[in-house]
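Novice: If you scroll down you'll find the structure; I have some questions about it.
Coordinate-derived values only; no laboratory data. These numbers were taken from a predicted model, which means no experiment stands behind them. For neighbour counting, all protein chains shown are included, and Cβ atoms are generated from backbone atoms with ideal geometry for every residue, glycine included.
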Amino acid sequence: MKPAAFVHHRPKTIEDAVRILAEVAPDDGRVIAGGQSLVPIMAYRMARPPHLVDINHVEGLDRLAVDGSTLSIGACVRHSAFMDGAVPGATGALLARLMRHIAHKPIRTRGTFCGSLAHSDPSSEWCLAAAALDAVLVLKSAGGAREIAARDYFQGVMTTALEPDEILVEARLPMLADDTKIGFLEFSRRAGDFALAAVLTTFRIVDDKIAEPRFAIGGAEAFPRRLAEIEAMLAGSAPDAQTWSKVADAAATRIEPLEDAATSVEYRRDLVRALSLRALEQAMA
């Protein structure tokens, strides 16, 4: 199928982009960068935006840089930009690991980090990373710019705090300490499919105890989030099998799982339990 007719706008500056979007947003105008989420639903006529604001030619939106203790990711930075070694340290290692699980190579070379956050699929690896690392998102409109924490940005299945006239121009992630341990696992029925559940955890070991734990789940609920209760259980505990088992059982009971015709609530709880256990074990391997 082919998409419905639309007007293609190609601004060269962010000022022009937000000005055009302000004009076309009331008529369901949309922003496009990688297009790996928007174009397929347009092809099926599930979305029929009469205007597309193409930000691929906006100067500066392809910026990927470390600014002190923060990694800045522009709106047009592609998934493939996070290949091994592209970003230094533990944050780079985490992003490279997650990137390898995103769909397939053609999508990774075109889709964008910020586009994934704007689409906000519950199973998105980048949305999970943003939630786990407490990303700060920079949103810009003709009325100005604002910053919002990831925990306030994600609101439901493909629902965010992004207003129709705003562009998500940048995501900012913390640079994790070099000795940070990382565990990540997701489960999908086929390689490249959307994950039915995923777990991402990071922590440090200080004096043989777990310190600075982060524990987030994705895919299993309406949007990814950190589990504060689980992090409290991890903090100060010994990194051993007993802790992992206790935490995995608790994680499975503290989620509000999605349910559909093929996946029950009980099945997703079991997935979260198994993935939590293995992700924690993986982090210490």
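Novice: Working out 0.36 nm times the residue gap between residue 72 and residue 205, then minus their Cα-Cα distance, what length gain in nm do you get to one decimal?
Specialist: Fully extending the segment from residue 72 to residue 205 adds 45.2 nm.
Novice: How do 16, 240 rank when sorted from fewest to most other Cβ atoms within 10 Å of their own Cβ?
Specialist: Working: 16 15, 240 12.
Placing the least packed residue first, the sequence is 240, 16.
Novice: At most 16 other Cβ atoms within 10 Å and a DSSP loop assignment: could you name the trypsin sites (Lys or Arg not before Pro) in the stretch 1-59 that fit?
Specialist: 12, 45
Novice: Only Cα pairs within less than 10 Å get springs; with that Gaussian network setup on the chain, which residue of 232, 195, 43 has the largest fluctuation?
Specialist: 43
Novice: Just rank 263, 180, 13, fewest to most, by other beta-carbon atoms within 10 angstrom.
Specialist: 13, 263, 180
Novice: Hey, quick one: spin label on residue 43, modelled 7 Å out along Cα-Cβ, who in the stretch 105-138 has an amide N within reach, i.e. under 12 Å?
Specialist: 107
Novice: For a quick check: sort 79, 104 by the number of other beta carbons within 10 angstrom, fewest at the front. Display every interim value, and only then the final one.
Specialist: Details: 79 26, 104 9.
The fewest-first ordering by Cβ neighbours comes to 104, 79.
Novice: Counting only C-alpha contacts under 8 Å and six or more residues apart, can you give the relative contact order of the stretch 115-168 as a whole percent?
Specialist: Dividing the mean separation by the residue count of the stretch 115-168 yields 37 percent.
Novice: Further question on the same structure: Tell me whether the chain comes out rounded, prolate or oblate; compute the Cα gyration tensor, take square roots of the eigenvalues as a ≥ b ≥ c, and use a/c under 1.5 as the rounded threshold.
Specialist: prolate
Novice: Residue by residue through the stretch 225-242, what is 3J(HN,Hα) from phi via Karplus (6.51 cos²θ - 1.76 cosθ + 1.60, θ = phi - 60°)? Round to whole Hz and write x for glycine and proline.
Specialist: 7, 7, 9, 4, 5, 5, 4, 5, 5, 6, 4, x, 7, 6, x, 9, 4, 5
Novice: While we're on this one: May I ask what percent, to the nearest 5, of DSSP beta bridges between residues of the stretch 26-142 are antiparallel?
Specialist: About 60 percent, rounded to the nearest 5.
Novice: Using the beta-carbon distance between residue 16 and residue 149 and R0 = 41 Å, what value does 1/(1 + (r/R0)^6) give for FRET efficiency, to the nearest 0.05? Don't skip to the end; give the middle numbers.
Specialist: Values: r = 28 Å, r/R0 = 0.69.
Working from the Cβ atoms, E equals 0.90.
Novice: So what is the relative contact order for the chain, in percent, with contacts set as C-alpha pairs under 8 Å and at least six apart?
Specialist: Relative contact order comes out at 15 percent.
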